[in-house]
Amino acid sequence: MISTAIRLARVGSRSELLAAILMVLGYPCVMVAALLPDIWLFAAATAVTYIADWYLHQRGSYLINRLGKVRAGLSIRFLLRQLMVILLLARLDLAEEPLFYAAVACFLVFYGLQAPHGALTTLIKLRRTLPIVTRNVDLHAVRIPDAPPRSLLYRSSEKMLHLDLPAVVGVLVAAGTGEDYLGYIGAGVTLLLALGYNALLVPYLRRSRRAPSAPAVLKALDTWLGEYQPTVVLYFSGSNESAYQGNMWLDTMAAVEGRPLIVMRERNLVAQLADTSVPVVCVPAGTHLMNMNLSTVRVCLYPANVGKNIHMLRVPTMKHVFIGHGDSDKLASVNPYSKVYDEVWTAGRAGRDRYALADVGIRDEDIVEVGRPQLAPIESWTGTTRNPIPTVLYAPTWEGWDDNPGNTSLLLAGENIVRRLLTADSPVRVIYKPHPFTGIRSAKAKAVDARIKALVAKAAQDRATESRWAQEASAAAAGQRAAKAELVRIESRLAELAKPGRAGGDESEESRVALADPARQAEIAALRTEWNDAYWRSFGWWEHKTVTGARPKLYDCFNQSDAMVSDISSVVSDFIASGKPYAVTDSAELGADEFKRQNTAVRAAVILSNGAQEIDQLLSAVADPAADSLAEARHELKTYLLGPDEPTSMEQFDAAVRALAAKAEARNAGVAQRVGEQLPEPLPDPEAASSGAGDGSAEIIAEVEVAVDPDTPSPDAEIGADPSVIR
């Protein structure tokens, strides 16, 4: 019942639900107290509404957003509370007293001061907003001043509205004690604080505190691009939950030959981008992107099929490649949209065959097998369990955008899988790592996810009370305490290194200071390795665990596990790189043979029904190599799905980049040659013509010369446009 109430109230926890209930009930209580009138009940109910409201804002509750949509937003709630104070004074027969008029005047003036406050904060933010957001890009050509103190602009509306507290408290105390001067003092303090807040904001409207103009910033970016001359671009756009799709390619981009650049489209995703030494440019506006100087780029890589790709796909001087964000048998892996790219890169032969079977218009000669460079951190199986008892990872994919039962095992089989693992005859440790998108579309999937987390937590508590594990816990307690202390130290240091520059800087200031620092990045890399080691040492090898969030990464969970249960997704293909036993659930109940026929990645898997009765076969393969009948099949499938071990995936990837860059150069040279052959015969100089009137031929010749040599400046030429187009 409580979980249902939490879901309906759009809150995230019991404490948020309690705060929501108190806030919703508090306002009627305030009104009742004003009508009675009961000043002390009024004061108590008012305090409850203040505290509950503040708590929900601190937690970022979705309920707060919903209240704004139904005309019960923050400013309305504060105004309502102030009106109730006026009503209380009237019901206390103080309507003819100076205190009443002072309170009315105070709240009216205070309300009036909120308008300039809102205008000032909005103007400051607008004038501090650059048309781009960058990392590791030197914008020294423009001056970007420091941001205003975070305390002035962060949740500024809340802070302004809460300045009514002195007036409300002063008026209530004055009404209760008869000491009117206390109400006057409270009202005066509120108005002085509101005026002071506005006064503190005004200096940040000065020209010297503003960010440079959009044209100046874009010109500085083009200057930097001309100096850096990027050759390979990773172009990434997507929803707020899709940052992982770009993050998985960061290490590859850092290692790729040439001069890499990451181009993003959504500001909110920049903050979610993991630390990288590769230059990053976020260009939200399509017009700005289409006018960027990307003339030196020869290869553009796309990890996702999204509508905004069109803004880059229109550039003919570079070759466009779909690289995806995983290799799987999902329908999304053979999307007909892929026809817009010059090439599609797959990990191994399986990807090529997948497109051939799908028959969606992708030509075989446009498919290139490059391996999976991201899989380098995955450790190969030694044939024995890592710890005294096996660890099984359950990593289901999310529910997808439709209700196809084959999308995920979570809905029909998830709880059965976890229960059978937790109650296996021989002890097993379970690690549960759900997909980041789990529950974003389906409330049922979200509920199942919550129940599985509860199952894992309960099993961990029960195991801790068993004598065998209690003894292990006692022996490992000192080491776990040390590991937890180490985690605190590492996280503190990582937080310090997370953002260069001073704390509280805004997006614009961070673009100025976020420059590549090899020493800083080396320290971050070392700390992350230490963090990962300390994390797994911070609890016992026998303890069940739910893992969510960015850390530890999925591949770290692979390395800690001896086997995995998952669904049709890139997770399965990636896990095959380890050579460890794995199981996949036939959630759509196709039958094992048909399931294997339709899905390449499960050909070496233990096939589970929705009841998960076959889980013992997986556990037997982990416990005894002699019982692992699928070992050879896994080895063959690994080569088929992910390509050969030699040359390495990174070497294959670099070779593919070089080959496609050469094609782009050949295309551009061919276009320039063809345009050159079509140059018109020289025309008489219009200035020398006896008529003295030009016929426009000089402009035609100039534009043809620009077409031949794109580096020739022209006010009418669009940067990055096809040089074969004569305008």
Item to complete: Among the residues of region 371-397, write down those that are touching a Leu at 6+ places or on another chain (Cβ under 9 Å) and of a type outside the set (A, V, I, L, M, F, W, C).
Response: Gly371, Arg372, Pro390, Tyr394, Pro396, Thr397
Worksheet item: Residues in region 130-145 that are surrounded by fewer than 17 Cβ atoms within 10 Å (Cβ to Cβ) and either under 26 Å from the mean Cα position of the chain (by Cα) or not in a loop (DSSP other than H, G, I, E, B) (or both): how many?
Response: 1
Worksheet item: For region 318-337, how many residues meet the condition of being at pLDDT below 95 and over 24 Å from the mean Cα position of the chain (by Cα)?
Response: 3
Worksheet item: So which residues in region 111-128 are surrounded by fewer than 17 Cβ atoms within 10 Å (Cβ to Cβ) and polar (S, T, N, Q)?
Response: Thr122
Worksheet, complete the sentence: Exactly one of Ala516, Ala485, Ala522 is among the aliphatic types (A, V, I, L, M), in a helix (DSSP H, G or I) and under 24 Å from the mean Cα position of the chain (by Cα), and that residue is Ala522
Worksheet item: Out of curiosity, is Val418 surrounded by 13 or more Cβ atoms within 10 Å (Cβ to Cβ), assigned to a helix (DSSP H, G or I) and either free of Cβ contacts under 8 Å to residues at least 40 places away in the same chain or not assigned by TED's automatic domain parsing to the domain that holds Glu530 (or both)?
Response: yes
Discussion item. Just to be sure before I move on: is Leu261 in a strand (DSSP E or B), more than 25 Å from Thr397 (Cα to Cα) and not basic (Lys, Arg) in the structure I sent?
Written reply: yes
Item to complete: Using the structure shown, decide if Ala52 is part of a helix (DSSP H, G or I), modelled with pLDDT under 95 and over 27 Å from Glu507 (Cα atoms).
Response: yes
Worksheet entry | Pairs with Cβ under 8 Å, 6+ apart, first in region 76-91 and without any contact (Cβ under 8 Å) to a residue 60 or more places away in the chain and assigned by TED's automatic domain parsing to the domain that holds Val173, second among the polar types (S, T, N, Q) and part of a helix (DSSP H, G or I) | Arg77/Thr49; Met84/Thr46
Discussion item. Would you confirm whether or not region 240-256 contains a residue that is among the aromatic types (Phe, Trp, Tyr), part of a loop (DSSP other than H, G, I, E, B) and in the same structural domain as Pro284 (by TED's automatic domain parsing)?
Written reply: yes
Fill in: Scope region 662-679; condition of a type outside the set (Val, Ile, Thr) and in contact with an Asp or Glu (Cβ under 9 Å, 6 or more places away or on another chain); matching residues
Lys663, Ala664, Ala672, Leu679
Response to the item:
In region 201-240, residues that are more than 30 Å from Arg298 (Cβ to Cβ), modelled with pLDDT under 95 and surrounded by 14 or more Cβ atoms within 10 Å (Cβ to Cβ) total 5
Worksheet item: (1) in a loop (DSSP other than H, G, I, E, B); (2) more than 25 Å from Arg468 (Cβ to Cβ): which one isn't true of Ser426, the others all being true?
Response: (2)
Worksheet item: Tally time: how many residues in region 530-556 are under 14 Å from Ala483 (Cβ atoms) and in a helix (DSSP H, G or I)?
Response: 8
Discussion item. Which residue is nearest to Val547 (Cα to Cα), if the candidates are limited to region 429-481 and must be small (Gly, Ala, Ser) and free of Cβ contacts under 8 Å to residues at least 24 places away in the same chain?
Written reply: Ala454
Fill in: Scope region 501-529; condition farther than 18 Å from Val270 by Cβ and surrounded by 16 or more Cβ atoms within 10 Å (Cβ to Cβ); matching residues
Leu527, Arg528
Discussion item. Pairs please, first residue from region 185-211 and outside the structural domain of Gly505 (by TED's automatic domain parsing), second anywhere and among the β-branched types (Val, Ile, Thr) and assigned to a loop (DSSP other than H, G, I, E, B), Cβ atoms under 7 Å, 6+ apart in sequence or on different chains.
Written reply: Ala211/Thr129; Ala211/Ile144
Item to complete: Among residues belonging to region 49-89 that are buried (at least 16 other Cβ atoms within 10 Å of the Cβ) and farther than 21 Å from Met160 by Cβ, point out the one that is farthest from the chain's Cα centre (by Cα).
Response: Leu89
Discussion item. Here is a check on your reading of the model: is Ala495 touching a His at 6+ places or on another chain (Cβ under 6 Å) and either over 16 Å from His544 (Cα atoms) or aliphatic (A, V, I, L, M) (or both)?
Written reply: no
Discussion item. Quick check on region 259-310: of everything there that is free of Cβ contacts under 8 Å to residues at least 40 places away in the same chain and touching a His at 6+ places or on another chain (Cβ under 8 Å), which residue is farthest from Asn240 (Cα to Cα)?
Written reply: Leu289
Fill in: From Leu152, Leu163, Leu108, residue being without any contact (Cβ under 8 Å) to a residue 60 or more places away in the chain, part of a helix (DSSP H, G or I) and either exposed (fewer than 14 other Cβ atoms within 10 Å of the Cβ) or among the aromatic types (Phe, Trp, Tyr) (or both)
Leu108
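The values are calculated or read from the model by the stated rules, or taken from the named source; none is laboratory data. Computed from a predicted model, the values in this text were never measured in an experiment. Cβ atoms come from the backbone with ideal geometry, glycine included; neighbour counts cover every protein chain shown.
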